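Down below is the structure, laid out as structure tokens.
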Amino acid sequence: MTSDTSSEQVIAKPGVLRRLLTLIIFMAIPLGVGLIASALTSDAMEAFKDMEKPPLAPPAMLFPIAWTILYILMGLASYIIYISDTKHNVTRFAAIFLYAAQLFFNFVWSLIFFGASEYMGAFIWLLCLWILVLLMLLSYHKISKTAFYLTLPYILWLTFAGYLNIGIALMN
């Protein structure tokens with residue numbers, strides 16, 4: 001009986017390791033996107049400190065902290081969607097597609113706002129990003145309430161970012 005239990009544990013380990021590796025990959029993707037965007041725009045981000053900002057603008061040091069938390073939540077939520085056992089694979093595929101699309105829009109926003117200093121263009125791009133995230137949230141809600149709730153802070157932060165973006169566009 002002991003040998004059967006041991007063999008079952010050995011068989012179970014690859015599944016656990018595979019899930020752990022998949023989770024790490026799903027967490028690394030948004031963090032990597034944020035890191036690359038930050039690296040590509042780091043010089044321009046310095047100019048952000050000197051810009052006129054609307055009321056309620058947080059200190060610059062808060063942004064990397066907030067985005068790191070949001071990227072971690074995004075990665076975790078997307079992993080939950082990916083491993084979900086849903087009857088509608090089309091819904092899961094649509095959710096993952098929307099996740100990838102919004103992540104691309106998120107990345108490009110940094111290039112438009114910081115890299116090109118096109119603040120109004122960045123705001124319009126951010127509106128498109130916000131719509132993609134809303135659609136992603138709606139698809140997440142059909143699959144996993146946990147993934148949906150993990151992603152709510154993101155759309156709230158994007159709403160606040162939209163306020164900051166339009167304020168900067170109008171003031172600079």
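The values are calculated or read from the model by the stated rules, or taken from the named source; none is laboratory data. All values reported here derive from a predicted model rather than from experimental measurement. Cβ: placed from backbone, ideal geometry, glycine included. Neighbour counts: every protein chain shown. Side chains are part of the model used for accessible areas, which takes the heavy atoms of the whole protein and leaves out ligands, DNA and RNA. Shrake-Rupley method; radii C 1.70, N 1.55, O 1.52, S 1.80 Å.
Could you list, ordered by first residue, the pairs with Cβ atoms under 7 Å in which the first is in the stretch 14-32 and closer than 17 Å to Y71 by Cβ and in a helix (DSSP H, G or I) and the second is open to solvent by 60 Å² or more (accessible area, probe 1.4 Å) and modelled with pLDDT under 90, at least 6 apart or interchain?
From the stretch 14-32, no pairs qualify.
Would you check if L103 is in a helix (DSSP H, G or I) and either crowded, with 19+ Cβ neighbours inside 10 Å or in contact with a Leu (Cβ under 6 Å, 6 or more places away or on another chain) (or both)?
In short, yes.
How about the stretch 142-172: which of its residues are open to solvent by 70 Å² or more (accessible area, probe 1.4 Å) and of a type outside the set (D, E, K, R)?
T146, Y149, L156, T159, Y163, L170, M171, N172 - these are the residues of the stretch 142-172 that are open to solvent by 70 Å² or more (accessible area, probe 1.4 Å) and of a type outside the set (D, E, K, R).
Can you tell me which residue among L126, L137 is within 30 Å of G15 (Cα to Cα), without any contact (Cβ under 8 Å) to a residue 40 or more places away in the chain and either buried (at least 17 other Cβ atoms within 10 Å of the Cβ) or not basic (K, R) (or both)?
L137
Answer yes or no as to whether L132 is touching a Phe, Trp or Tyr at 6+ places or on another chain (Cβ under 8 Å), open to solvent by 20 Å² or more (accessible area, probe 1.4 Å) and in a helix (DSSP H, G or I).
yes
From the list T68, T91, T86, which one is open to solvent by 20 Å² or more (accessible area, probe 1.4 Å), in contact (Cβ under 8 Å) with a residue 24 or more places away in the chain and not in a helix (DSSP H, G or I)? Write out each step before concluding.
Working: T68 fails: not in a helix (DSSP H, G or I); T91 fails: not in a helix (DSSP H, G or I).
Just a single option satisfies the conditions, and that option is T86.
Given the criteria under 14 Å from the mean Cα position of the chain (by Cα) and either among the hydrophobic types (A, V, I, L, M, F, W, C) or assigned to a loop (DSSP other than H, G, I, E, B) (or both), does I112 qualify?
no
Go through the stretch 34-51 and give me each residue that's part of a helix (DSSP H, G or I) and open to solvent by less than 40 Å² (accessible area, probe 1.4 Å). Give the derivation first.
Just the residues of the stretch 34-51 that are part of a helix (DSSP H, G or I), to begin with: 34-48.
Correct list: G34, A37, T41, A44, F48.
Considering only residues that are over 23 Å from the mean Cα position of the chain (by Cα) and farther than 14 Å from G115 by Cα, which ones fall in the stretch 32-53?
Once the filter is applied, which keeps residues that are over 23 Å from the mean Cα position of the chain (by Cα) and farther than 14 Å from G115 by Cα, the stretch 32-53 yields K49, D50, M51, E52, K53.
Taking into account only those residues within the stretch 71-94 that are touching a Leu at 6+ places or on another chain (Cβ under 9 Å) and among the aliphatic types (A, V, I, L, M), which is farthest from I29 (Cα to Cα)?
Result: A94.
Could you say which residue among Y99, Y140, Y149, Y82 is within 12 Å of the chain's Cα centre (by Cα), aromatic (F, W, Y) and within 28 Å of L21 (Cβ to Cβ)?
Details: Y140 fails: within 12 Å of the chain's Cα centre (by Cα); Y149 fails: within 12 Å of the chain's Cα centre (by Cα); Y82 fails: within 12 Å of the chain's Cα centre (by Cα).
Criteria check complete, one pass: Y99.
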